[in-house]
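See structure below.
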Amino acid sequence: MSPYTITYFAVRGRCGATRIMLSDQDQQWKEIVVTFDEWMKGDLKKTCVFGQLPKFEDGDLTLFQSNAVLRHLGRKHGAYGKSVCEASRIDMMADGVEDLRVKYLKMIYQDYDNGKEAYIKDLPNHLCYFEAVLAKNESGFLVGDSISFADYSLFEVLLNHQVLSPKCLDSFPSLKKFVETLSARPKIKAFLNSDAYKKLPINGNGKQ
Ligand code: 6SG
């Protein structure tokens, strides 16, 4: 029996990278799907440390904050570098991904109709930093020679951006290769092809 349970809305959202990571690490998990009506009752919200989902359970451990979940899984499944210094560089890259994710989510939830075009125009000014890091590392990963939770997070954010703007990686060969390589990892490939993944919208407001 898997110890893992995700409690979240029926979206990829803040759980997209977690699910991809769990799949790639050959882990099973249970999903508890919360509807808008259930959430609006407020009983579950009161039990959430920051009043928000996702909630992630690993046996007796209950976590909130999607990036804390990714770090937890990174520690447990050997996807958090091979030294303290590598782990710190992975944190740095994951925080960079978070900055991009927050910009993306702000546009999606607060400014989609007016801000989408300007966001896409400005995107190269953010992607260029990840391109530079990947271009310098022969392994094809962000840090060191093995996959980390930051790679899963970047990968998932890039998949969403390719839906927003299909050509957005065209001038970034290392990012393009990164997405191709991770997409071709057999367990990720199987997950991305599954109904469980495909049926879920990227974002809670239906914009993408
Ligand atoms: C929303 O923002 O779906 N959690 C969200 N919203 C409900 O009352 N820093 C943390 C983290 O990384 C951010 C958590 C995140 O974990 S995710 C949450 O709990 C609240 O604040 C995006 C998403 N939004 C859609 C949404 C949630 C509630 C109302 C709109 C899903 C769609 C409609 C109902 C349920 Fe809906």
Pairs please, first residue from segment 44-61 and within 16 Å of residue 18 (Cα to Cα), second anywhere and among the charged types (D, E, K, R) and more than 9 Å from the ligand (Cβ to nearest atom), Cβ atoms under 8 Å, 6+ apart in sequence or on different chains. 58/76
I need a count of the residues in segment 76-105 that are farther than 23 Å from residue 146 by Cβ and surrounded by fewer than 13 Cβ atoms within 10 Å (Cβ to Cβ). 2
Count - residues of segment 40-92 that are within 16 Å of the ligand (Cβ to nearest atom) and assigned by TED's automatic domain parsing to the domain that holds residue 149: 1
Only residues in segment 1-25 that are acidic (Asp, Glu) count as the first member; pair them with residues that are at pLDDT 95 or above, Cβ under 8 angstrom, at least 6 apart or cross-chain, and list the lot. 24/147; 24/152; 24/185; 24/187; 24/188; 24/191
Residues located in segment 143-159, provided they are closer than 22 Å to residue 202 by Cβ and either touching a Lys or Arg at 6+ places or on another chain (Cβ under 8 Å) or acidic (Asp, Glu) (or both): 149, 151, 153, 156, 157
Considering 104, 112, 129, which residue is within 12 Å of the ligand (Cβ to nearest atom) and in the same structural domain as residue 147 (by TED's automatic domain parsing)? 104
Residues that are within 30 Å of residue 28 (Cβ to Cβ), at least 1 per element: which helices (runs of 4 or more DSSP H) completely within segment 119-197 meet that? 149-164, 173-184, 186-192
Got at least one residue in segment 17-39 being touching a Gly at 6+ places or on another chain (Cβ under 7 Å), among the charged types (D, E, K, R), within 9 Å of the ligand (Cβ to nearest atom) and over 12 Å from residue 153 (Cα atoms)? no
Matching residues, segment 5-20, being over 19 Å from residue 104 (Cβ atoms), touching a Ser or Thr at 6+ places or on another chain (Cβ under 9 Å) and crowded, with 19+ Cβ neighbours inside 10 Å: 6
If you go through segment 142-159 one residue at a time, do you hit one that is more than 19 Å from the chain's Cα centre (by Cα) and not assigned by TED's automatic domain parsing to the domain that holds residue 14? yes
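The values are calculated or read from the model by the stated rules, or taken from the named source; none is laboratory data. Being a predicted model, the structure only gives us computed values, none of them experimental. All Cβ positions, glycine included, derive from the backbone under ideal geometry; neighbour counts span all protein chains shown.
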